[in-house]
Amino acid sequence: MELNLFNTQSRQCEAIVLEPQKPFKTYCCGPTVYGPAHIGNFRTYVVQDVLVRLLKLLKVNVCYVRNITDVDDKTIRGARQNNQSLQEFTTYWTQRFHNDCERLNLLPPTVEPKATETIDDQLALIQLLMDNGYAYARNGSVYFRISACKDYGKLSHLNERELQTQDLNSAEQANDADEYERDQIADFALWKAYKPEDGTVAWNSPWGRGRPGWHTECSAMTHRYLGGTLDVHSGGVDLVFPHHENEIAQFESAYKVPFVKHWLHIAHLRVNGQKMSKKLGNLYTLDSLQEQHYEPSTVRYALIAGHYRKPLNFTFENLNAAQSALHKIYAYTQTLCKQLSVDFANLPALLQQATLPDHLQWLQPFFDALLHDDLNTPKALGCLFSFMGQHPQLSLDEAKTVFPEWLAVLYALGIQPVEQRISIPADIQELAEKRWQCKCSGDYQAADNLRKALMDKGWRVLDNAQGYRIEPL
Ligand code: AMP
Ligand code: ZN
């Protein structure tokens with residue numbers, strides 16, 4: 001069995017051979033826990049989740065590590081601003097993150113290490129780099145010497161010119177920041193000497209008290225929990241440089257084995273053409289969207305409705321479309337269950353045991369799009385809707401053969417169908433009532449405008465002899 005996936009390093013789609021017995025090692029850079037995760041962050045985790053779900057369906061022995069970054073420049077600043085200890089501050093945001101993951105039906109990683117729990121591993125990594133001439137200490141900090149790493153830049157394809165302008169061989173220029181741009185390439189900090197702003201956040205090291213750099217954390221955690229070469233390492237596209245470039249440099253210089261076979265990077269979720277980010281303040285969270293009656297399941301669907309390598313624009317039209325698509329999938333599931341006398345309440349248990357049937361009769365194109373076309377979720381969803389359109393009604397025998405394939409589809413997408421007992425939000429009910437009043441009083445223009453407003457919010461009004469009915473689009 002093979003999976004075709006684009007590899008950032010080679011810039012082409014490559015086949016990953018899946019061997020069920022062999023552990024499949026995958027690492028995804030987890031959240032920095034200094035505030036609510038926004039749905040842009042979750043685009044990355046949802047795509048990684050679909051990948052893990054596919055592998056599990058294929059009975060691959062997946063070991064999935066996603067870390068928690070609970071010490072870095074941003075968490076320390078956040079804790080100080082809130083007058084909390086680093087631990088109190090990051091524990092709170094970690095719990096909030098876990099709560100969101102559950103609402104999005106993300107599978108928990110096999111291991112979820114925290115950076116602060118692996119300081120010894122990080123110190124051992126730095127020591128190894130020092131011993132082998134890849135790092136140097138200065139004023140209590142330790143820096144990675146980029147000039148000692150001959151293929152530095154191979155992931156982000158930094159060209160010769162960019163590297164030469166830094167004059168790295170002669171100057172040992174050091175950069176203390178965790179995050180920086182391409183034009184600020186310099187020896188980066190593996191260990192940062194204690195500063196008064198760090199408050200009580202410090203550990204002892206052979207180079208003095210201080211704390212690790214962000215890049216050091218991930219390399220030490222991948223090595224600790226996954227050992228040698230990883231099969232797939234993922235993250236948002238903003239992590240290609242410098243974070244992943246630095247992870248490669250550290251890991252390969254220290255352990256002398258290739259770090260990663262396959263790099264998977266997820267394009268950004270945007271708002272009006274700009275990256276959704278805490279820095280720009282243009283973010284939406286699961287909570288803020290739920291206040292507007294959008295369920296996390298709708299957000300999840302909207303996040304996979306676009307291909308992961310293309311930037312996705314966040315719009316309420318997309319959310320409404322996701323809501324309506326999900327309702328159709330739920331309704332189809334409900335019909336199948338009824339036909340086969342499957343108790344709807346048993347679906348979660350059935351989904352947990354879902355596997356990919358050896359011979360697909362109905363939904364092969366759906367899985368082909370995911371497995372052989374670079375995790376092409378929009379194409380797969382297209383195949384799913386074509387299937388539903390072509391088979392609105394199934395015979396009992398047909399339903400029996402479709403059902404296991406259907407369960408595999410739901411599992412791959414992380415869709416947890418809910419019974420279609422529609423609950424109408426109060427604001428929708430109010431708009432519908434207003435529209436009915438306008439219609440009854442002969443103000444058809446206002447009634448039409450209100451019907452359109454309801455459509456924009458994802459609801460259709462159906463008039464009948466008794467009055468009206470509303471249903472999701
Ligand atoms: P952070 O918590 O900032 O370390 O980010 C966690 C993950 O979310 C990283 O893999 C980022 O690359 C990713 N990420 C951040 N913003 C976005 C966005 N707007 N769209 C998609 N992924 C993002
Ligand atoms: Zn990382």
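Values quoted throughout were computed directly from the atomic coordinates according to the rules given, and no laboratory measurement underlies them. What you see is a predicted model; the values in this text were computed from it and never measured. All Cβ positions, even for glycine, are placed from backbone atoms using ideal geometry, and neighbour counts span all protein chains on display.
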Under the rule of at least 5 residues apart or a separate chain, name every residue whose amide H is placed under 5 Å from the amide H of I266. G235, G236, V237
Sequence order, the stretch 11-20: Karplus ³J(HN,Hα) from phi using 6.51 cos²θ - 1.76 cosθ + 1.60, θ = phi - 60°, Hz rounded, Gly and Pro as x, gives 6, 8, 6, 10, 7, 9, 7, 9, 10, x
Could you work out the relative contact order of the stretch 426-472, using alpha carbon pairs under 8 angstrom and six or more residues apart, expressed as a whole percent? 29
Rounded Å value of the spacing that divides the Cα centres of the stretch 426-443 and the stretch 256-318: 35
Nonlocal amide H pairs with I16, under 5 Å, H built at 1.01 Å: L3, N4, L5
Point-charge dipole on Cβ atoms (K/R +1, D/E -1) for the chain, about Cα centre, debye to 20: 480
Can you list residues from other chains, or at least 5 along the same chain, whose modelled amide H is less than 5 Å from the amide H of R460? E471, L473
Please give the residues of the stretch 185-203, grouped as numeric ranges, whose backbone N is less than 15 Å from a label point set 7 Å along the Cα-to-Cβ vector of R80. 192-202
For the Q95, C13 Cβ pair and Förster radius 35 Å, calculated FRET efficiency rounded to 0.05 is 0.35
Of the cross-linked pairs K275/K379; K74/K457; K279/K457, which ones have a Cα-Cα span greater than 27 Å in the structure shown? K74/K457; K279/K457
FRET efficiency for N204 and N132, using Cβ-Cβ distance with R0 set to 30 Å, rounded to 0.05: 0.85
Quick check: residue separation of D358 and L107 times 0.36 nm, minus the Cα distance between them. What number comes out in nm? 88.0 nm
Taking 0.36 nm per residue of sequence separation and subtracting the Cα-Cα distance, how much length would be gained by fully extending the chain between K400 and K59, in nm to one decimal? 120.5 nm
For the chain, find the longest principal axis of its Cα atoms and tell me its angle to the long axis of helix 444-456, 0 to 90°, nearest 10. 40
Going by how many other beta carbons lie within 10 Å of each one, how would you line up E245, E179, E419, fewest first? E419, E179, E245
Sequence gap at least 6, Cα distance under 8 Å: using those rules, report the relative contact order of the chain to the nearest whole percent. 17
Note, ³J(HN,Hα) from phi for the stretch 260-274, Karplus 6.51, -1.76, 1.60, rounded to Hz, x at Gly and Pro: 9, 7, 9, 9, 10, 10, 9, 5, 7, 8, 10, 10, 6, x, 10
Hey, what do the phi angles of the stretch 50-64 turn into as Karplus ³J(HN,Hα) couplings, whole Hz, using 6.51/-1.76/1.60 and θ = phi - 60°, x for Gly and Pro? 5, 4, 5, 4, 4, 4, 5, 4, 8, 6, 7, 7, 7, 10, 10
Cβ-Cβ cut-off under 15 Å around E117, Lys and Arg +1, Asp and Glu -1: the net charge is -2
